[in-house]
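Scroll down for the structure; my scribbles are underneath it.
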Amino acid sequence: MTTLVVCCGLGGVGKTTTAAALGVAYARAGKRVVVMTIDPARRLADALGTEAIGNLPVRVTLPDVSGTLDALMLDRDATWAEVIRRHAPSAELADRLIANPWSRAVSSRLSGAHELMATEKLHALATDGRWDVVVVDTPPSFHALDFLHAPDRVRRLLDRRLLGALFEPASKGLVGIATRGLASLVRRVAGEAVMDDLSEFFGMVSALSTGLRERGAAVATLLHSRECHYILVASAAAPREEEVSEFLAALREDGRSFSGSVLTRATAPLRVPVNAMLAELPTRPKGVDAAGWAHALSALVEAAATHERRAARDAATATRMARMSGAPVWPVPEVDTEAGAITALGLIAASLPTL
């Protein structure tokens, strides 16, 4: 069974970097892993130090690993075309539906469509058989559960049974009378061509609605399964614990299990405590001004003390978050990226779990 890891959190907390580093961690553990970002920005490509990635998985070169790492960035239009071709009863109908202007509007402008395409792509990756682990970098919003709920809203909208009265002149009763009037208004405002395209679109979508509902049920089962792990990514500098608590409550209310938090940019304790450092301060070298040497030592000690205070603060934050969530917290130190993206991801991966 494929393991799913869904990374949630606000923008700017290092979520995409964490997702990429998790991919490296799993690859080091010998797993075949794919990382998918739903964010239309090229942050994942930047984090991996690769050229722009697209809707199809591309292999990321990693040194000295027994597993593999692939990455992709969701393309809504391409994924919507995949969905249509998967559920359409014929290639001809699929071609007509893809060419319909209202069909193109679904993938580009309909609220929630991006999330629908993301869950469709997630399901395709998880059931493909080529990967042991799928890591998902969700959109940069604290309301990450919208990513999980939006597809249901879109699927209901695309179910022609809910809108059938609007496009069936023979419909009877008060609903039929009301919707015939609305259809007439749309014709007058938008024109016959627009109405014909819209009517044709919902007529063709009706052939997909059963498949969409079945796929929706399968995705829901997958995202509620024990193999699906939800990880919250937060910054040690600004953890926003009140919002973290709200997120955890929403996750539990939705019946999803929480696996833990990643606390990014955390300050690690000094290898040598400040007290030990004070006891081992070097003597002033010959030729060095006494006042200047004293100032340098004072600055060194103050820097070490400041570091220790930050480390204690971040450790306390991790303890509170663990107590609040009842799940592990993995502090991840900020790393120097000058050595290269993959090297930096490797250093981060050393602090991350493989669930």
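The values are calculated or read from the model by the stated rules, or taken from the named source; none is laboratory data. For clarity, every value in this text was computed on a predicted model and none was experimentally measured. We place every Cβ from the backbone using ideal geometry, glycine too, and count neighbours over all the protein chains shown.
Cβ contacts < 9 Å: first residue under 18 Å from A318 (Cα atoms), restricted to the range 244-257; second residue in a helix (DSSP H, G or I) and not aliphatic (A, V, I, L, M), any location; separation 6+ or different chain. Result?
Partner pairs satisfying both residue conditions: V244/S325; S245/S325; L248/S325.
So R96 clears everything in (1) of a type outside the set (S, T, Y); (2) buried (at least 20 other Cβ atoms within 10 Å of the Cβ); (3) at pLDDT 85 or above except one condition, right? Which one?
It is condition (2) that R96 fails.
Identify, please: which residue in the range 218-247 is on the phi < 0 side of the Ramachandran plot and assigned to a loop (DSSP other than H, G, I, E, B) and is, among those, surrounded by the fewest Cβ atoms within 10 Å (Cβ to Cβ)? Before the answer, list the steps.
In the first step, residues of the range 218-247 are kept if they are on the phi < 0 side of the Ramachandran plot; the result is 218-239, 241-247.
Those left that are additionally assigned to a loop (DSSP other than H, G, I, E, B): 224-227, 236-239.
Numbers: H224: 13, S225: 16, R226: 8, E227: 15, A236: 24, A237: 16, A238: 12, P239: 21.
Checking each candidate, the answer is R226.
When you look at G287, is it in a loop (DSSP other than H, G, I, E, B), out of contact with any Ser or Thr (no Cβ under 9 Å at 6 or more places or on another chain) and closer than 27 Å to L222 by Cβ, yes or no? Full working, then the answer.
Numbers: in a loop (DSSP other than H, G, I, E, B): yes; out of contact with any Ser or Thr (no Cβ under 9 Å at 6 or more places or on another chain): yes; closer than 27 Å to L222 by Cβ: no.
In short, no.
What's the number of the condition W293 fails, among (1) of a type outside the set (A, V, I, L, M); (2) surrounded by 11 or more Cβ atoms within 10 Å (Cβ to Cβ); (3) within 29 Å of T18 (Cα to Cα)?
(3)
Residue-wise test of (1) part of a helix (DSSP H, G or I); (2) surrounded by 21 or more Cβ atoms within 10 Å (Cβ to Cβ); (3) in contact with a Pro (Cβ under 8 Å, 6 or more places away or on another chain).
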| position | (1), (2), (3) |
| --- | --- |
| A21 | yes, yes, no |
| Y26 | yes, yes, no |
| V33 | no, yes, no |
| L44 | yes, yes, no |
| A52 | no, no, no |
| P63 | no, no, no |
| A105 | yes, no, no |
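What number goes with the only condition from (1) part of a helix (DSSP H, G or I); (2) within 21 Å of the chain's Cα centre (by Cα) that A71 does not pass?
(1)
Quick check on the range 113-138: of everything there that is more than 15 Å from the chain's Cα centre (by Cα) and assigned to a loop (DSSP other than H, G, I, E, B), which residue is nearest to P353 (Cα to Cα)?
Per the stated criteria, the residue is D132.
Of the residues A303, A311, A268, only one is over 18 Å from V5 (Cα atoms) and modelled with pLDDT of 90 or more; which? Show your work before the answer.
Numbers: A303 fails: modelled with pLDDT of 90 or more; A268 fails: modelled with pLDDT of 90 or more.
Result: A311 is the single residue among A303, A311, A268 that is over 18 Å from V5 (Cα atoms) and modelled with pLDDT of 90 or more.
How many of the residues in the range 248-274 are crowded, with 19+ Cβ neighbours inside 10 Å, under 19 Å from the mean Cα position of the chain (by Cα) and among the aliphatic types (A, V, I, L, M)?
Of the residues in that region, 4 qualify.
V335 is checked against (1) in contact (Cβ under 8 Å) with a residue 24 or more places away in the chain; (2) surrounded by 18 or more Cβ atoms within 10 Å (Cβ to Cβ); (3) in the same structural domain as L223 (by TED's automatic domain parsing); (4) not aromatic (F, W, Y) and fails just one. What number does that condition carry?
It fails just one condition, (1).
Could we say that T343 is in a helix (DSSP H, G or I), of a type in the set (S, T, N, Q), within 36 Å of the chain's Cα centre (by Cα) and over 28 Å from V244 (Cα atoms) here? Give the derivation first.
Numbers: in a helix (DSSP H, G or I): yes; of a type in the set (S, T, N, Q): yes; within 36 Å of the chain's Cα centre (by Cα): yes; over 28 Å from V244 (Cα atoms): yes.
Yes: the conditions hold for T343.
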